[in-house]
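Participant: Just passing along the structure, written as structure tokens.
The values are calculated or read from the model by the stated rules, or taken from the named source; none is laboratory data. Predicted, not measured: the structure shown is a model, and the values here were computed from it. Cβ: placed from backbone, ideal geometry, glycine included. Neighbour counts: every protein chain shown. In case anyone asks, the SASA skips ligands and DNA or RNA and just uses the protein heavy atoms, side chains included. Shrake-Rupley method; radii C 1.70, N 1.55, O 1.52, S 1.80 Å.
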Amino acid sequence: ACTSNTPEEPEDTSSAPAAAAGANDEPGEPVVIGFSAPAADHGWMGAITKAAQAEADRYEDVELRVAEGTNDVNLQISQVEQFINDGVDAIVLLPYDGAALTEVATRAMEAGIPVVNVDREFSSRFAARTTVLGDNYGMGVSAGTYICEQVGKNPDAVVAEIAGIDSLPLTQDRSQGFSDALSDCGLDVDNRVAADFTVQGGQAAAANLLQAAPKIDALWNHDDDQGVGVMAAISEAGRDEFVMVGGAGSANVMRDIQAGNSVLKATVIYPSTQAADGIRLARLILQEKAMTDLVEVQVPRTVQLYAPVVTAENVEEYLPTAFES
Amino acid sequence: MSEQLPPLSTAGSVPPDPDHPAPLQRTGSQPGGPAGRRLSVPGGGLGRDVGLVVALAALCVVGVATAGDRFASVDNVLTILRLAAVYGVLAIGMTFVITGGGIDLSVGSVLGLASVWASTLATQTMAEDTHWLVMVSTALLVGTACGVVNGVLIAYGRVVAFIATLAMLVAARGLAEIIANRRTQVVNVRSFLDVFRGDVLGVPVLVWLFALVALAGWFLLNHTTFGRRTVAVGGNPEAARLAGIKVQRHTTYLYALSGLTAGIAAVMMLARTTAGSSTNGQLYELDAIAMVVVGGTLLAGGKGTIVGTVFGVLIFSTLTNVFVQNDLSTSVQAIAKGAIIVAAVLLQQRLAVRSRSS
Amino acid sequence: MSEQLPPLSTAGSVPPDPDHPAPLQRTGSQPGGPAGRRLSVPGGGLGRDVGLVVALAALCVVGVATAGDRFASVDNVLTILRLAAVYGVLAIGMTFVITGGGIDLSVGSVLGLASVWASTLATQTMAEDTHWLVMVSTALLVGTACGVVNGVLIAYGRVVAFIATLAMLVAARGLAEIIANRRTQVVNVRSFLDVFRGDVLGVPVLVWLFALVALAGWFLLNHTTFGRRTVAVGGNPEAARLAGIKVQRHTTYLYALSGLTAGIAAVMMLARTTAGSSTNGQLYELDAIAMVVVGGTLLAGGKGTIVGTVFGVLIFSTLTNVFVQNDLSTSVQAIAKGAIIVAAVLLQQRLAVRSRSS
Amino acid sequence: MLAVRGIVKEFSGVRALDGVDLDVRPGEVHCLLGQNGAGKSTLIKVLAGAHRPTSGTVEWQGREVRPTSPVDALRSGIATMYQELDVVGGLTVAENVFLGHELSRGGVTRRRELHQRTRELLDRLGHNRLSPGREVGSLSAADQQIVSLARALSHDARLIVMDEPSAVLDSEEVGNLFRVVRQLTADGVAVLYISHRLEEIRQIGDRITVLKDGRTVATGLPVAGTQTADLIRLMTGRTLHRAFPARPPVPSDAAPLLEVRDLALRGVFSDVSFTVRAGEVVGLAGLVGSGRSEVLETVYGARRATAGQVLVGGRPLRPGSVPAAVRAGMGLAPEERKAQGLLLDEPVYRNITLSTFGRFARGPVLDERSERAVAREQIQALDLRPVDPDRPVRTLSGGNQQKAMLARWLVHGCRVLLLDEPTRGVDVGARAEMYELVNSLSRAGNAVVVVSSEIEEVLGLSDHVLVLAEGRVVHSGPAAQIDEHRVLDLVMEGSAA
Ligand SMILES: Nc1ncnc2c1ncn2[C@@H]1O[C@H](COP(=O)(O)OP(=O)(O)OP(=O)(O)O)[C@@H](O)[C@H]1O
Ligand SMILES: Nc1ncnc2c1ncn2[C@@H]1O[C@H](COP(=O)(O)OP(=O)(O)OP(=O)(O)O)[C@@H](O)[C@H]1O
Ligand SMILES: O[C@@H]1[C@@H](O)[C@H](O)OC[C@H]1O
Ligand SMILES: [Mg+2]
Ligand SMILES: [Mg+2]
């Protein structure tokens, strides 16, 4: 898959209705869409589900069946099986683990049910009609590049990283991108800890990290939700000697960037509207419509979202569509 | 005092009737006796399963009432069974451990480790070449080995089971992450997938496996020396020791068995997800224990029922299915699930008491 | 046989000697008694804590050896203590429940619920206006209420503690998600943050809170009628009942207490993370139980030690700190942690036995 | 056939056996006597391979053996019935009988044969009413003891060791047991028999060995030629006579302290009425399983009566509430001391104050000093040994544990005492003390109710006796007007009816 950081197709990720293309919004034949995602146990994931639901509610021709929330792949597979049994028209799937859900998604496709894969990628191309991909590697690159700009002149700069759930492939992608970008300016990651996308995890990981690293120049935290805890730990330790970059792009963090009175100087967006996009695309596919801003007469195979860096300069632009953590 | 007692025998007083025990009978819990501490479960027969049957039937009624044909279809039943299969196999092993007076918190984690180990092997030694038997044996071996470590720590090291298996839970997860190198290991071995993802007589192999394991477990627990010794070791370890049973060795076997079923479950998980991951099986231990206890096996040991466990497993999977059919949000599901676990246990207890005293 | 007995006394046979108990004495563990199911802990004194002191000291030595001044600094000690504080408060409540013969798997989940409830209130009723006392009372009330539900189910409904609190674990997490509306509830109430994130005499308020709770727990367990009843109820519930103790009511109190400490821990968590979230406290129950048991409280009930629990808590937090100081990956940490838990329990047992027989 | 020489057994520095010698001949009933804690059970566990001796030799059928596990001993022909019930509640009668030497083919149980052989064994024991498929947890303690015995027989042993088998049996069952023992000895099997009931020894024993403080003080004494008084002296080191203290008549104007009216517990007993006046002792006699324990427990509120009333000092008690009974001044010393009465790992004084510690507390804060002081008083008054109030109660002998139970209620100031089998498992010396204690308690104006499976004991201790059979009172009258035979007859008739 393409992991480039350059905007491929500006499929507008903001759910601002203004961006929606006119004719496509006209009611078409009614469709039933099944939706399944991991447990909404942190802000970003909560926002994903809420946005999907909200998007579905906007269309009277869409009936959404939500089998939300599980981090157990066995159960998530069974949810998809139920969708297949029920004969839904399409399935939007944010798998807990892409590889583990590939097979059942393939079965759905074989049963003639188009699957829209969101965020965490399947291991086979045959498993999805369309994939809405966040750019995890790109996220790391963006964060690394920004940090290079800030502290790159100092070859001894200490860079720290607080990752998300270490056992998820997406975390590995992010870290890879991060270290690749850093090495471009001759830096590397000096201290790395992993949390778990939760506030308490971020707090604990950061408290320990700060203890282990008495002086830091730059810090990247993969997820703004766990960032609430990271910030609490930073203020607890009374540290302010470094710049911190966030991840995912929560409204909280953006407000902090805007206020400019904390170590938080930037965050890298990872759109929480991907599933909403997935719903829209599923509807288009079913109603045999295309994306109006493209010449293409079909919805593309892959849509990879852009991972822009939000700083004090452009924060106003992004704040309205940020998710509240 | 008389020097010589008349030849006493109860024969004169109570008509001997081997098939009809005296009307007054002391039940499992003795009259405030030493057993007052332990909840009683009635003798046997169907009585003790009435609650479970009722609970499962009630769930099905709710399912049909709310989702109609969608619920009652063959496909949906198979979906429920496929979901049940992995948990079910774990729960069978757990039934033995709990009946033997122990507990195994590590099964989910060991499942994860075994799945990763087997699939790494599969992916590393160049895909197509690996025979599926190699993968399967790896998973079973890894599972059993973890079980043996648990067993030895508990039986010979005398570490409380809760703690020993909790430590294994933590450690196995860590090892799995290292082996997986934090990647999901996709299984490419066709022969493996062909064997385990297939159907036999229209029923998925996974479901057959669960049925086989359950049947074997039932036979083992109820009709073999091993099973009877398990009850003895769990019910009264000192009596078991004095009767010549090697309690420590048997305890080790029990945990090894639980490890083995975790290995089998890992194979099934691999087949179901076509991928090994260190997060496989997370928190399954709690579900498995809940299923076993809801099924009527005594957490204190000394009394176990495979039939009950199978019911427990089915109740949980059906519950989840009904939730999804009804589009309940996870949060509400969670609350409902909590309430239903308690209700099932209460129901089972009450009905068991009634069927006993009737 | 003679009609009249002389005033009986054994005085003639064994010389009474109040200071020297007879040489033959049965020790905690019965002669080859129910093997291993119940760990013996000797009478009292420092003996039983020797293993803990040694374990903690060993960890500190490793810490100093590998991380030198970074480990031994005041700041680092405070870091360890702050980390310990939240778990510590949970573990104190857990010590009571376990001593009383039960177990509480719901504490982590209840912590999450209480934190969300208190912070939603804080954020919804317009930030600055909310008095911190309102938040604190909410958290404590929610925690206690959950505990009471657990207690009633277990004591009066006779649901096994493991299952009742497991159900609460699931249900409370679900309710927390609903209340949080899937958002992290950031605390804006300045007064709250000022009070609980502050220092007193150079020591963080959180650490003071832990110290206070531990001290109160110690006093309650060892010097009050409540503590005495707890030991009685956990040691032999039937004997306690027949002695006129209201076992059911007391059991309810124990779970309520554990709920209360979960509420306190929620307040501390809110202060520490400045946010309420339904994931707060996830899996803390397992850590808390492990700390209590490593500390020497009997999982079977009837014998508990707050001092031991505090040691257990410190050992776990120091361990985590040493790991991080040495930049170990989470996976390696997990393996090491598993091994060390087992080692600590083994060490504690062996040393306890030695100090007893000497 | 069995020759034990100089056995020593130490438990982490504690000497439980300190040089035991013993010879057992084929076909004899060899009785092992000794006070609580003398080492009898430890000795038989050594013989059974459950403990390894520290030193000493065991010679079995002419060869020196060192049984290192229970299996060894069983294989060589020594079977043991242990003192603490050694059955598994979750298994059936048949499974218990063949536990450890299961009848199986390749690990698979042969159920039919198992039941067949069990039935034969039970027939031999005169217990063909016990079904082999019955779960043992649902049997009475007496029936469980029978299962234990059947297990011992199932091994075709040459020596059967019985550790206080009669403790949970009533006189009828004991007679049954003796019949079996006689059959066994007639076949040349030897029996090593332990009991605290000396009259049993007279009935069944051939020779006697006496242990004291872990040492053999006499061995091979012929039963016929040995005086009871001598035995007691050997065991206890002093002279006492087995007898019941004389009971002065209860003044007829004494106030009724406890009144039980038409009490019933559905399915267990019904229509139980009796009155106990200050200074009176009422005894409940009956077979095991006749419902005596349940009557006491129901009177005490530990079980909720389905009908009837209990009055203490003229005031009706709230039914089904132990705290209410305790507050009214009632105390129960339960049948299973260890399981129902004591906190074994807690010190003696805390066991003594278990019902009253709140009284010594200031608010919720315990006052351990006064607790200890009060406990010490009772320890002295009851001559409880050892006198150290801080010893875990587990380390006390049976008799002294029983005294601790009584002390609990005396501290409480109870006026109505319910004693269920107060002398079970208690040695001769302590037994006599217990009798004296019951007597002096009643003389001090308390009301006492005693349950015992030894009819002689009930008759000897009480002023008034109730005989129960199958949950019904079949006789109620002054103790002086009835004798043991009559009670037995009543019991039989009652059960047959
Ligand atoms: N495992 C053990 N560890 C330490 N001391 C023990 C152990 N087993 C027995 N003892 C001690 O050995 C002594 C003998 O005990 P034993 O049970 O053999 O006495 P007994 O003669 O059977 O008494 P009883 O008549 O009460 O049954 C007692 O003082 C007891 O406390
Ligand atoms: N929970 C119960 N349910 C049904 N029957 C019971 C229960 N508890 C006791 N029984 C029956 O009540 C009767 C009396 O019991 P119990 O054996 O306690 O009487 P006992 O005369 O005190 O004998 P023992 O000397 O063994 O104590 C027995 O037949 C017993 O089986
Ligand atoms: O937690 C989020 C993760 O689940 C998603 O895949 O990427 C963004 C993260 O913040
Ligand atoms: Mg004995
Ligand atoms: Mg009785």
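Residues checked against (1) under 16 Å from residue D:245 (Cα atoms); (2) within 14 Å of chain B (Cβ to nearest Cβ); (3) out of contact with any strand residue (DSSP E or B) (no Cβ under 6 Å at 6 or more places or on another chain); (4) free of Cβ contacts under 8 Å to residues at least 40 places away in the same chain:
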site	(1), (2), (3), (4)
D:432	yes, no, yes, no
D:443	yes, no, yes, no
D:451	no, yes, no, no
D:463	yes, no, no, no
D:476	no, no, no, no
D:483	no, yes, yes, yes
D:486	no, yes, yes, yes
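Participant: Next question. Please report, ordered by residue number, the helices (runs of 4 or more DSSP H) entirely within the range D:48-160 with at least 3 residues that are more than 25 Å from the chain's Cα centre (by Cα).
Facilitator: D:70-76, D:111-124
Participant: Also: Being open to solvent by 10 Å² or more (accessible area, probe 1.4 Å) and within 14 Å of another protein chain (Cβ to nearest Cβ) is the filter here; which residues of the range A:235-252 pass it?
Facilitator: A:235, A:236, A:237, A:238, A:239, A:252
Participant: Restricting to the range D:161-192, count the residues that are more than 27 Å from residue D:286 (Cα to Cα) and away from every other protein chain (no Cβ under 14 Å).
Facilitator: The qualifying residues number 9.
Participant: Just to be sure before I move on: is residue A:70 within 24 Å of the chain's Cα centre (by Cα) and facing another protein chain (nearest Cβ under 8 Å) in the structure I sent?
Facilitator: yes
Participant: Determine which member of the set C:286, C:270 is aliphatic (A, V, I, L, M), modelled with pLDDT of 90 or more, closer than 22 Å to residue A:229 by Cβ and surrounded by fewer than 24 Cβ atoms within 10 Å (Cβ to Cβ).
Facilitator: Residue meeting the stated conditions: C:286.
Participant: Okay, next question. With B:197, B:190, B:182 as the choices, which residue is among the charged types (D, E, K, R), touching a Lys or Arg at 6+ places or on another chain (Cβ under 9 Å) and over 30 Å from residue C:103 (Cα atoms)?
Facilitator: Exactly one of B:197, B:190, B:182 is among the charged types (D, E, K, R), touching a Lys or Arg at 6+ places or on another chain (Cβ under 9 Å) and over 30 Å from residue C:103 (Cα atoms), namely B:197.
Participant: Kindly list, by first and then second residue, each pair from a residue in the range C:330-358 that is within 7 Å of another protein chain (Cβ to nearest Cβ) and under 24 Å from residue A:205 (Cα atoms) to a residue that is at pLDDT 85 or above and outside any helix (DSSP H, G or I), limited to pairs with Cβ atoms under 7 Å and residues at least 6 apart or on different chains.
Facilitator: Within 7 Å, the pairs are C:330/A:194.
Participant: Is it the case, given these coordinates, that residue D:281 is more than 30 Å from residue C:246 (Cβ to Cβ), at pLDDT 85 or above and more than 14 Å from chain B (Cβ to nearest Cβ)?
Facilitator: Here the answer is yes, as residue D:281 does meet what is asked.
Participant: Could I ask something else about it? Can you work out which of the residues in the range D:123-136 that are open to solvent by 10 Å² or more (accessible area, probe 1.4 Å) and either in contact (Cβ under 8 Å) with a residue 40 or more places away in the chain or among the β-branched types (Val, Ile, Thr) (or both) is farthest from the other protein chains (Cβ to nearest Cβ)?
Facilitator: Across the range D:123-136, the extreme among qualifying residues is D:124.
Participant: Still on this structure: With respect to residue D:416, determine if the residue is away from every other protein chain (no Cβ under 13 Å), within 16 Å of ligand 2 (Cβ to nearest atom) and either at pLDDT 90 or above or on the phi > 0 side of the Ramachandran plot (or both).
Facilitator: no
Participant: Kindly indicate whether residue D:61 is in the same structural domain as residue D:182 (by TED's automatic domain parsing), open to solvent by 10 Å² or more (accessible area, probe 1.4 Å) and within 16 Å of ligand 4 (Cβ to nearest atom).
Facilitator: No: the conditions fail for residue D:61.
Participant: Please tell me if residue A:123 is of a type in the set (Ser, Thr, Tyr) and farther than 22 Å from residue A:312 by Cβ.
Facilitator: yes
Participant: Name the one entry in D:206, D:253, D:230 that is free of Cβ contacts under 8 Å to residues at least 40 places away in the same chain, over 30 Å from residue D:310 (Cα atoms) and more than 9 Å from every other protein chain (Cβ to nearest Cβ).
Facilitator: On inspection, the qualifying residue turns out to be D:230.
Participant: Of everything in the range B:307-350, what is over 20 Å from residue B:64 (Cα atoms) and among the charged types (D, E, K, R)? Give them in sequence order.
Facilitator: Within the range B:307-350, B:350 is the sole residue that qualifies.
Participant: Follow-up question, since we're still on this one. Would you please list the contacts, defined by Cβ atoms under 6 Å and residues six or more apart or on different chains, that run from a residue in the range D:337-353 that is among the basic types (Lys, Arg) to a residue that is part of a helix (DSSP H, G or I)?
Facilitator: Matching pairs, first to second residue: D:337/D:401.
Participant: If you don't mind, another one. Is it the case that residue A:78 is open to solvent by less than 10 Å² (accessible area, probe 1.4 Å) and either on the phi > 0 side of the Ramachandran plot or free of Cβ contacts under 8 Å to residues at least 12 places away in the same chain (or both)?
Facilitator: Here the answer is yes, as residue A:78 does meet what is asked.
Participant: Tell me, yes or no, whether the range C:217-240 has at least one residue that is surrounded by fewer than 24 Cβ atoms within 10 Å (Cβ to Cβ) and more than 12 Å from chain D (Cβ to nearest Cβ).
Facilitator: Yes, there is a match, as at least one residue in the range C:217-240 is surrounded by fewer than 24 Cβ atoms within 10 Å (Cβ to Cβ) and more than 12 Å from chain D (Cβ to nearest Cβ).
Participant: Go over the candidates D:315, D:277 one by one and state the one that is surrounded by fewer than 23 Cβ atoms within 10 Å (Cβ to Cβ) and in contact (Cβ under 8 Å) with a residue 40 or more places away in the chain.
Facilitator: After applying the criteria, what remains is D:277.
Participant: Is there a residue in the range A:144-162 that is open to solvent by 10 Å² or more (accessible area, probe 1.4 Å) and facing chain C (nearest Cβ under 10 Å)?
Facilitator: Within the range A:144-162 (the criterion being open to solvent by 10 Å² or more (accessible area, probe 1.4 Å) and facing chain C (nearest Cβ under 10 Å)), the answer is no, since none of the residues qualifies.
Participant: Now for a different question. State yes or no: is residue D:175 on the phi > 0 side of the Ramachandran plot and not assigned by TED's automatic domain parsing to the domain that holds residue D:488?
Facilitator: No, not satisfied.
Participant: Only residues that are open to solvent by less than 10 Å² (accessible area, probe 1.4 Å), out of contact with any Ser or Thr (no Cβ under 6 Å at 6 or more places or on another chain) and β-branched (Val, Ile, Thr): list them for the range D:1-28, please.
Facilitator: Scanning the range D:1-28 gives D:4, D:7, D:24.
Participant: OK, next. Restricting attention to the range D:92-130, which residues are within 16 Å of ligand 2 (Cβ to nearest atom) and within 22 Å of residue B:224 (Cβ to Cβ)?
Facilitator: Listed by number, the list holds a single entry, D:93.
Participant: Based on what the data block shows, is residue C:196 within 25 Å of the chain's Cα centre (by Cα), within 14 Å of chain A (Cβ to nearest Cβ), buried (at least 17 other Cβ atoms within 10 Å of the Cβ) and at pLDDT below 95?
Facilitator: yes
Participant: Moving on to the next point. Out of the residues in the range A:163-192 meeting the condition of being surrounded by fewer than 23 Cβ atoms within 10 Å (Cβ to Cβ) and within 13 Å of chain C (Cβ to nearest Cβ), tell me which one is farthest from ligand 3 (Cβ to nearest atom).
Facilitator: That would be A:190.
Participant: Quick one: is residue A:86 within 11 Å of chain B (Cβ to nearest Cβ), acidic (Asp, Glu), open to solvent by 20 Å² or more (accessible area, probe 1.4 Å) and within 25 Å of residue B:323 (Cβ to Cβ)?
Facilitator: Yes; evaluated as a whole, the condition is true for this residue.
Participant: Also: For the range B:129-183, give me each residue that is of a type in the set (Asp, Glu) and at the interface with chain C (Cβ under 10 Å from one of its Cβ atoms).
Facilitator: The answer is B:177, and nothing else.
Participant: Oh, and also: For residue D:380, indicate whether it is touching an Asp or Glu at 6+ places or on another chain (Cβ under 6 Å) and free of Cβ contacts under 8 Å to residues at least 12 places away in the same chain.
Facilitator: Answer is no for this residue.
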